[in-house]
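Enquirer: Structure provided below as structure tokens; questions to follow.
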Amino acid sequence: MTNEQLLEKLQELEKEFIKAKEENEIMLDVEQASLFLNLSTSTIYKLTSLKKLPHHKPGGKKIYFRREDLIKYQFRNRIQDKDELVGQAHQIKI
């Protein structure tokens, strides 16, 4: 694939992503999910095969993602800041 073809494909994907965002689509395909999470499509496929990323296969082949599942995935493993940890420590002392 030439650089021009790659650029065209990226522009096409960007347009699809913007359209999906504007329409507030609930379901995203692999390419849209990769743009949404800023991950490569191969990483998306790997995460689905490891069952680390919730997904749907209505026809048994093509993979779809719920936007809210992707958002939950992005915000997993939250690290508390220092103030929150100090507050918890004070609550335990009491």
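Enquirer: Is at least one residue of the stretch 75-89 under 13 Å from the mean Cα position of the chain (by Cα), of a type outside the set (S, T, N, Q) and open to solvent by 80 Å² or more (accessible area, probe 1.4 Å)?
Expert: yes
Enquirer: Another one. What number of residues within the stretch 42-74 satisfy the criterion of being over 16 Å from Gln32 (Cα atoms) and open to solvent by less than 60 Å² (accessible area, probe 1.4 Å)?
Expert: Of the residues in the stretch 42-74, 1 are over 16 Å from Gln32 (Cα atoms) and open to solvent by less than 60 Å² (accessible area, probe 1.4 Å).
The values are calculated or read from the model by the stated rules, or taken from the named source; none is laboratory data. Predicted model only: the values in this text are computed from it and were never measured. These accessible areas exclude ligands, DNA and RNA; they are computed on the full protein's heavy atoms, side chains included. Shrake-Rupley method; radii C 1.70, N 1.55, O 1.52, S 1.80 Å.
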